[in-house]
Amino acid sequence: MTHRGPLRCLPPTRWLVPVLALLASAALAQDVLAAGPSGYAPAPVLSPGDYPAIRGLSPRLAVWFAAQMHVWFAAFVLAVPIFAVILEFVGVVKKDARYDRVAYEFLRVSITAFSLTAVTGGILLAALIVFYPDLMKYLASIFGPTALFYALFFFFETAALYTYYYGWKRMAEGRLKLLHLAVGIGLNLSGTGLMFVANAWVTFMMTPAGVDAAGAFGGNVWEAVNNHLWSPMNLHRFVANIAYGGSIAGAYAAYRFLGASSEEGRAHYDWMGYTASLIAIGALLPLPFAGYWLTAEIYSFSQQMGITLMGGVFAWLFIVQAVIIGALFLAANYYLWCGFGRGGYGAGYLKYVKYIAVVVAASFLVWFTPHTLILTPSEARAIGGQYHPYLGPLGLMPAKNTAVNMMLLFTFLSFLLYRRAHRRPVVPWVKYGNALQAGLFTAAVANISFLGVYYGYFTNTVYKVASSVPQVATTLFVIVACLVIEWLMARGGRSEDFKWGRMPERSQYALILIAVSFTWLMGLMGFVRSAIRQHWHVYSVMKDASAEAFTPSIAYAAKVVSAGTVVFLAIIVFIFWLGGMGQEKEAGGDG
Amino acid sequence: MGRFVKTAAFSLFIIGLYTFYSVFVIPPINPGEPPSESAASGEPATIVELLALGEEVYNGKGACALCHTREGGRAPALEGSALVAKARLSSPGYSGKAVDAESYLYESLVDPSAYVVPGYGVSGTDGGVSPMPDVRASSIGLSETEIRAVIAYLQSVSGVEITVALPERRRE
Amino acid sequence: MALEAGSVAMQEQNSALRMKTTLAFIASVLGFGALFLVLDLLLFNAQGLSFVFKG
């Protein structure tokens, strides 16, 4: 039950990296301790000559590409164990072997990605040390001690991964199964810890703390670690990783679904695709709130940085983001509508689809209307303000907040109808229950519109921003209240099993679209997160004096991200293909 | 193999669509070069040069216009700032050490929390702390001359007499 | 919905039910609407703002 062939040659990297990291951190720690608390120099002031150059190679592009690959792989390998454990746990609780099988299958096909995360991480580190030696020296002088934690987490993660993976079949029964689950949780804790350490380095570069205005370190590592963006970034990346892993798992299942030859195989992969994409969308929904926190912390650290992010040259990047999020919503809704056919009562709900589609599409258009056209402050003055004269009202944040809440509400409605497709409530008060839910939706739509229109357009900025809070609260209230009503109504109801596999082939492309869009969007948003530092290595503390200190355009970033996405997805497909080879023999070709 | 080609083509199409949108549909914006250490090529010799430098810094390196707009509402508009400066000194919320309109404006640039216009404080501080950074801080990093130039520019747009001395005369 | 009633009695029953569900719908719109208004008020308050905007 071990994997064979090409995978065998990769494991040494998994042991090599923690050992190297441990040695490096020991050396760094010695340096730091030898320097003593008074030995911290201000951040170096560099000149273009301080950057080693290799002819024909753009250092920034090399580092960017390596970092992007590493982050994609890392997000993926942090996510896989998270929902492997969740699925395993659900399987134990529900006593349903399907969950266990999917969890193991997914871990098995992904195992090579762990090595590749370490490899790309090594490449990234090497590229940084080669091309930005002074920056790395400066960062190491502050964060040297944290490398020890990094190495320890890496060591535990590797050990836990091996135990978790190779012990899956051996620890399948009774108490051993619980121990196995515990190992899985340990695997996730160490993986998450690893990410938190790396996040400290990245966020320090954006919102430095624990250093004075010249960048001289005060000696308190925790202060530097716990900078403005550390906690929101930890949360944002953690949640986003789950969404990302879910989307990749969904695409994997979709691909296997399309190739499945038996009814049983189709049913299995249809179910896996649905479960994975449910995890992906479920994790996507709270992401804007984590993003809101992240942005709020950016503003509280530096208004200037916040405005660079939201209102400056990057304003259009958020239009691109909006387009992709809109596409994700449409795809998710489309997938749910296709899924009506899985249940016996679904056909009756198809007539509502067109209305939901209109609302979601209209919200998408508002969400997509350009908001700020400001390019530079002088251009803003030339056009007499930040906003477009005609599209202005729709481009403002209140309209977008309203639209996104509507989109969330109606996507949730799609989900409710999807549930009803296989579940017919029979409690005597069904009609009243439905009326209650309809009333709830109507009142919510009215409240969200009122908040958006009145506070968005007839009051000042403080109210515009403040009104988004009750809007979101309304949406959340509807979701929770509707689910409670639904749960009460479902008691004793007739429910037939979903007919898994009864899905049109075209529905599977929605899952592939979700995975591709997530990958691309992560690349784009990673770019903007890094780009708002502008010409700084460490914002406001250490200037980038290299020839490539300028901020690249969105068009250029989009090309880099696209190239990265193609390369990354190609590698992922290759990994799945490798991982699938052994299995096809063993499972008797249901794939 | 058919499904591989189909799904790969579909994925490439999606990536292509996003790339096309980002490259050709949204307007091409090239972010400016990083600002040079000083916006001034030399010390301004005349009031006209001082005002020109002030306007340049206000809209460029100083990033003042990023927040101080009528539309944004993020920070108070500055068209009349030099006019109201004197009155601010006797306002109950004032906690600085300025003695006249010019020194008030200077103080507002380097110690913005000395007086926070009601409604524009950092939320949760009851208007006690301004969200504006010290313009000498390294993320903006204005020089003494640039700060004087901005004050002169503010006095000029407020339509009051320009009291800022040219650098040469101040040194005497 | 497949509520094809044959008899007059059924029709009357249906229209009574429809009447009642419509009333339930209106009541829940008003009820939840009031609840949302209270929620808005509290959330504006929590942010140090008055729900009724002045000026």
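The values are calculated or read from the model by the stated rules, or taken from the named source; none is laboratory data. This is a predicted model, so every value here is computed, not measured. Methodologically, a virtual Cβ is constructed for each residue, glycine included, from the backbone with ideal geometry; neighbour enumeration extends over all protein chains shown. Areas reflect the complete protein model, heavy atoms only, side chains present, ligands, DNA and RNA absent. Shrake-Rupley method; radii C 1.70, N 1.55, O 1.52, S 1.80 Å.
Relative contact order for chain A: 19 percent, from Cα pairs under 8 Å spaced at least 6 residues apart, divided by residue count.
Spin-label model, A:ASP497 to A:LEU61: label points 7 Å out along the Cα-to-beta-carbon direction sit 5.5 nm apart. Working note: Debye formula, equal point scatterers on the alpha-carbon atoms of the range A:165-315, no solvent; log10 I(q)/I(0) at q = 0.11, 0.12 Å⁻¹ is -0.66, -0.74. Cross-link partners for A:LYS94 among the lysines, with Cα-Cα distance under 28 Å and sequence neighbours closer than 8 places in the same chain left out: A:LYS169, A:LYS177, A:LYS499.
Dividing the summed helix terms, -39500 (n - 2.57) for each DSSP H run of n ≥ 4, by the number of residues in the protein assembly as shown produces a 222 nm estimate of -22500 deg cm²/dmol to the nearest 500. Taking the range A:335-350 and a reference point 7 angstrom along Cα→Cβ of A:LEU287, the backbone N atoms nearer than 20 Å belong to A:335-337.
The dipole here belongs to the range A:95-221: it is taken about the Cα centre, uses +1 on the Cβ of Lys and Arg and -1 on the Cβ of Asp and Glu, and is about 600 debye.
Here's the picture: charge each Lys and Arg Cβ at +1 and each Asp and Glu Cβ at -1 in chain B, and of B:THR46, B:ALA9, B:GLY141 the one pushed furthest to the positive end of that dipole is B:ALA9.
Taking the Cα centre of the protein assembly as shown as origin, work out the dipole magnitude from +1 charges on Lys and Arg Cβ and -1 charges on Asp and Glu Cβ, in debye rounded to 20. Don't jump to the answer; show the numbers that get you there.
Values: 55 positive and 47 negative charges, 656 e Å.
Its charge dipole is roughly 3140 debye.
Solvent-accessible area of the range B:59-172 (1.4 angstrom probe, protein heavy atoms only): carbon and sulfur portion equals 53 percent.
Placing a label point 7 Å from the Cα of A:ALA446 along the Cα-to-Cβ direction, the residues of the range C:15-55 whose backbone N falls under 12 Å from that point are C:25-37. For chymotrypsin sites (Phe, Trp or Tyr not before Pro), the sites in the range A:450-497 that DSSP calls loop and that have at most 15 other Cβ atoms within 10 Å are A:PHE458.
Our coupling estimate for the range B:144-149, obtained by passing each phi through the Karplus curve with A = 6.51, B = -1.76, C = 1.60 and θ = phi - 60°, is 4, 4, 5, 5, 4, 5 Hz, Gly and Pro reported as x.
How long are the semi-axes of the ellipsoid equivalent to the range B:108-164, from square roots of 5 times the Cα gyration tensor eigenvalues, in whole Å, largest first? Don't jump to the answer; show the numbers that get you there.
Values: eigenvalues 112, 51, 10 Å².
For the range B:108-164, the ellipsoid semi-axes come out as 24, 16, 7 Å.
Estimated at 0.36 nm per residue, the fully extended path between A:ASP50 and A:LYS559 surpasses their Cα-Cα distance by 180.4 nm. Using a 1.4 Å probe over protein heavy atoms, the accessible area lost on pairing A with B, summed over both chains, comes to approximately 4200 Å². Using the Cβ-Cβ distance between A:ALA481 and C:LEU37 with R0 set to 22 Å, the FRET efficiency works out to roughly 0.90. Of the residues A:ILE111, A:ALA403, A:GLY493, the one whose Cα sits farthest towards the positive end of the charge dipole of chain A is A:GLY493 (charges of +1 on Lys and Arg Cβ, -1 on Asp and Glu Cβ, taken about the Cα centre). What separates the Cα centres of the range A:270-331 and the range A:421-450 is a distance of 29 Å. Comparing the full protein assembly with the isolated chain, the residues of the range A:263-305 losing at least 20 square angstrom of accessible surface (1.4 Å probe) are A:TYR299, A:GLN303, A:GLN304.
Backbone N atoms of the range C:29-55 closer than 18 Å to the 7 Å Cα→Cβ label point of B:SER123 belong to residues C:39-54.
Principal-axis analysis of the Cα atoms of chain B puts helix B:47-59 at an angle of about 40° to the longest axis.
The alpha-carbon of A:LYS137 sits under 21 angstrom from the alpha-carbons of these lysines, leaving out residues fewer than 8 places away in its chain: A:LYS543.
Send over a whole-number figure in Å² for the accessible area per residue of the range B:44-171, probe 1.4 Å.
On the way: 6080 Å² over 128 residues.
Spelled out: the 1.4 Å probe surface of the range B:44-171, per residue, equals 47 Å².
Taking Cβ atoms as reference points and 14 Å as the exclusive limit, the residues near B:ALA52 contribute a net charge of -3, counting Lys and Arg as +1 and Asp and Glu as -1. I need the shape label for the protein assembly as shown. Rule: rounded when a/c is under 1.5, else prolate if a/b > b/c, else oblate, with a, b, c from the alpha carbon gyration tensor. It comes out oblate by the Cα gyration axes.
Once you have a ≥ b ≥ c as the square roots of the Cα gyration tensor eigenvalues for the range A:120-165, tell me rounded if a/c is under 1.5, and otherwise prolate or oblate according to whether a/b is larger than b/c. Oblate.
Which value does Rg/Rh take for the range B:44-171 over its C-alpha atoms, Rh per Kirkwood?
On the way: Rg = 14.1 Å, Rh = 14.9 Å.
Rg divided by Rh gives 0.95.
On a per residue basis, the convex hull of the C-alpha atoms belonging to the range A:89-134 measures out at 69 Å³.
Sites counted here are trypsin sites (Lys or Arg not before Pro) in a DSSP loop (not H, G, I, E or B) having no more than 12 other Cβ atoms within 10 Å; the longest part of chain A that contains none of them is A:171-490.
If R₀ is 45 angstrom, what is the calculated FRET efficiency for the pair A:TRP429 and A:ILE185, using the beta carbon separation as r and rounding to 0.05? Display every interim value, and only then the final one.
Working: r = 42 Å, r/R0 = 0.94.
Computed FRET efficiency for A:TRP429 and A:ILE185 comes out at 0.60.
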